[in-house]
Structures are given as structure tokens and as C-alpha cells.
Amino acid sequence: MILKSYIVEQNIEILKNYRATLIYGVNDGTKDHIKNLIKQQNNKCEILNYFEDEIIKSNLLYENISNQSLFSEKKIIFIQEASDKIFGQVEECLERENNSIEIYILANNLERKSKLRTLFEKNSKLAIFPCYEDNERTLISYTTKELKDFKGITGEIINLIINNSSMNRRVIKNEIEKIKNCFPENKVNKSEIIELLNIKSDSGFDEIRDKALMGEKSKINKLLSESEILNDEAFYYLNNLNYRIIRLQEIMRINEEKNNYEQTIENLRPPIFWKDKPIILQQLRKWNREKLGEILIKIGDTEVLMKKNSSLRNDIIVKDLIVKLTNEATSSS
């Protein structure tokens, strides 16, 4: 029986209607979340965790199906990183009736012709559902639900948490745990969240970085005259630049086979925030990997210069680097 992951997340009890469940797909964060929900629901049961290699090398699965738990009335078995290699063992064990055992199989992406996938899709007594990559909507829903009991949580705070995680559910989960542990009274505000999660709210420099990489001289001149480049934040600015250029190089490397930047960006992991996609595309078309490598060297030289000369004005050095970067982008057109 094919289910939907978001329906399972909303009502984990639904899985009790099936003898076994196969959870597959690329979204490890969603799989982790559902596994934790299952554990919470069955906290009085004996819970066993195995990896596929352990199942292959022994009769652990068959032995657990055959034997009653010594510690509780019910036994929960998780099989991690599964594939068709254990199809035979799984099929054989599912043929044996044992209502005191629930099996949850977690796998990466499974092709349509996968034997495991076919077995679970065609049997009404078995459940199966894919965990696709999150998008902004699913992450907002997840984060909002996890923090629903907190006073002071706003849409802006939710977006800060998501954007600061590079849209990675596992990272978001860790950030939520920090919030729950540090604010036992369930009351927060924006400044506290920013400090706790070390969120950089300097979106102004992100705009400077992006306009420089696109070679927009007139806008850079205006931004540099209107924005405050802080001396104490100089190394953050360099790291910000460095990360973006390395990201662009990574996309270029992946794209060598496909030669389609739009498709490459859509398939990129971790994903690029949707608002950044058109900006990234412009920057990719402006540069090549060799030129970006030269810029990385300049950033490294700038960092060394600032560390060796504490008397220099780091804000002026950063502005000079931005101007040079903009000129490079213009000449690369």
C-alpha cells in the first residue's frame, strides 16, 4: 500500500495497520523524523536496530521473527540502508505471521523495478512511502509544528531558522533541539534566536557579494557608499565570499556532464534556496572555474595580509577586494 510521507508525519498511528513498512528516498531528515516518531509511539517496546550488512551476514531477522521478545510484549525492528540484497530474507520473514513484531525498513532511493519496492507496493498488508527532498513549504510546516508551543515564534523567525540551515531538515532539527533546551519556559524572541543559533543577519553583504560576482559596477559603488563594512566582521565577509565561490565551482564541476545549469541546480544537494537560484545562474554564466580559482587565491592572500598586519583597516581592504572582484566579473563578460 502506497502512502504519503506527510500523512504519516501527521498521523504516525496509521502504520499500525500494516505488518511492515518500507521508507525510502533521498530525504534523510524526513526518515529520521519518522523513525523518531515511531520510537516515541513505541517507547515501551523492545526496539532493535540493524544495518543491511548485519542482516546479510546472519539470521538475525529470521531469529527475531521466530522468537518472542523477552523484555516486552512487542518488538520493533529497524533495518537501515536496505536494498534488494535482503529481498529474499524479508520476503521469507513476512510470510510468517507474528503480530507482536513490527518491521520498518529504511532505504535510499529505490528504482521502480526494485524487488523490495514492488513487494511493498503490491501487498495491501504492507506500507511503503517515499521521502522526497524538502521544499520551503514542507520545512515551514515542519518547523512551525515543532515550535507550536513557543510564544514569540513568528513567520520571520521560522524563515531565519530555515534559511540558516541551507534547507537541511537534519540541521533544522538540531536547531529546534537547541531552542527547546535553552528556552524551557517556551518563550523566545528574534534577538535571542539569532544569538543562540549564530544567525548572520547581514543580508546587506550578501547583496554586495552577489552584485560584485555579477560585475554590476554602478550598484556596487552605490552599495559600498551606503553600507557599513565593519572592521570586526572582515573575516566573516571573506568566508562568505569564499563559500559562494566554492559553491559555484562545485556546480560547474557537476554540470560538466549534463551541460544544463538549470537541471544541475534543481538536483543539487544540499539544495539552493529558491530565491537564490536566478542569482546563482547569472553568476555561473559570468565566470569559469579557472577564473574562480584565481579569485579564491586573492581571498586567501587578503586573509593572510589582514592577519599579519593588525594595524591595517580591514574594512578598506575588504572594500578594495570587492572592487577588484567586480572588475574581474566585468572583464569576464
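The values are calculated or read from the model by the stated rules, or taken from the named source; none is laboratory data. All values derive from a computational prediction rather than experimental measurement. Counting neighbours? That spans all protein chains shown, and the Cβs are built from the backbone with ideal geometry, glycine included. Ligands, DNA and RNA are stripped out before the accessible areas are found, and what is left, the full protein with its side chains, is counted by its heavy atoms. Shrake-Rupley method; radii C 1.70, N 1.55, O 1.52, S 1.80 Å.
Observations on the structure shown:
- Of all residues making up the range 104-126, the number that are assigned to a helix (DSSP H, G or I) and under 17 Å from the mean Cα position of the chain (by Cα): 0
- Filter result for residue 129 (modelled with pLDDT of 90 or more, buried (at least 20 other Cβ atoms within 10 Å of the Cβ) and not in a loop (DSSP other than H, G, I, E, B)): yes
- Checked against the criterion of being within 18 Å of the chain's Cα centre (by Cα), farther than 25 Å from residue 5 by Cα and open to solvent by 60 Å² or more (accessible area, probe 1.4 Å), the candidates 151, 178, 190 yield just one match: 178.
- Per-region count, the range 208-243, residues touching a Ser or Thr at 6+ places or on another chain (Cβ under 8 Å) and of a type in the set (Val, Ile, Thr): 2
- Filter pass, residue 196 being more than 30 Å from residue 151 (Cβ to Cβ) and either open to solvent by 20 Å² or more (accessible area, probe 1.4 Å) or touching a helix residue (DSSP H, G or I) at 6+ places or on another chain (Cβ under 9 Å) (or both): no
- When the residues of the range 9-27 are filtered to those that are open to solvent by less than 10 Å² (accessible area, probe 1.4 Å) and more than 21 Å from the chain's Cα centre (by Cα), the one that is farthest from residue 118 (Cα to Cα) is 15.
- Residue 43 being surrounded by fewer than 17 Cβ atoms within 10 Å (Cβ to Cβ), in a strand (DSSP E or B) and within 28 Å of the chain's Cα centre (by Cα): no
- Residues of the range 287-311 that turn out to be closer than 25 Å to residue 228 by Cβ, surrounded by 14 or more Cβ atoms within 10 Å (Cβ to Cβ) and without any contact (Cβ under 8 Å) to a residue 60 or more places away in the chain, as a count: 2
- Conditions (1) modelled with pLDDT of 90 or more; (2) surrounded by 15 or more Cβ atoms within 10 Å (Cβ to Cβ); number of the one not met by residue 112: (2)
- Yes/no for residue 56 being open to solvent by less than 30 Å² (accessible area, probe 1.4 Å), of a type in the set (A, V, I, L, M) and at negative phi: no
- Residue in the range 247-264 that is among the hydroxyl-bearing types (Ser, Thr, Tyr), without any contact (Cβ under 8 Å) to a residue 40 or more places away in the chain and touching a helix residue (DSSP H, G or I) at 6+ places or on another chain (Cβ under 6 Å) present: yes
- Cβ-Cβ under 6 Å pairs, at least 6 apart or on other chains, the range 106-126 side within 15 Å of residue 95 (Cβ to Cβ), far side in a loop (DSSP other than H, G, I, E, B) and among the charged types (D, E, K, R): 125/19
- Selection of the range 145-157 for residues being outside any loop (DSSP other than H, G, I, E, B), of a type outside the set (Asp, Glu) and modelled with pLDDT of 90 or more yields 145, 151.
- Residues in the range 312-333 that are surrounded by fewer than 16 Cβ atoms within 10 Å (Cβ to Cβ), in contact (Cβ under 8 Å) with a residue 12 or more places away in the chain and within 14 Å of residue 238 (Cβ to Cβ): 324 only.
- Contact map, the range 153-175: first residue closer than 16 Å to residue 28 by Cα, second residue open to solvent by 50 Å² or more (accessible area, probe 1.4 Å), Cβ cut-off under 6 Å, separation 6 or more or different chains; pairs are 165/171; 166/270; 168/270.
- Where a residue in the range 1-28 is over 12 Å from residue 131 (Cβ atoms) and among the charged types (D, E, K, R) and its partner, wherever it lies, is open to solvent by 30 Å² or more (accessible area, probe 1.4 Å) and part of a loop (DSSP other than H, G, I, E, B), with Cβ under 9 Å and at least six apart: 19/97; 19/98; 19/99; 19/123; 19/125
- Those residues of the range 251-283 which are among the polar types (S, T, N, Q), open to solvent by less than 80 Å² (accessible area, probe 1.4 Å) and in a helix (DSSP H, G or I), in sequence order: 255, 264, 283
- Filter result for residue 30 (in contact with a strand residue (DSSP E or B) (Cβ under 7 Å, 6 or more places away or on another chain), of a type in the set (S, T, N, Q), open to solvent by less than 50 Å² (accessible area, probe 1.4 Å) and under 29 Å from residue 142 (Cβ atoms)): no
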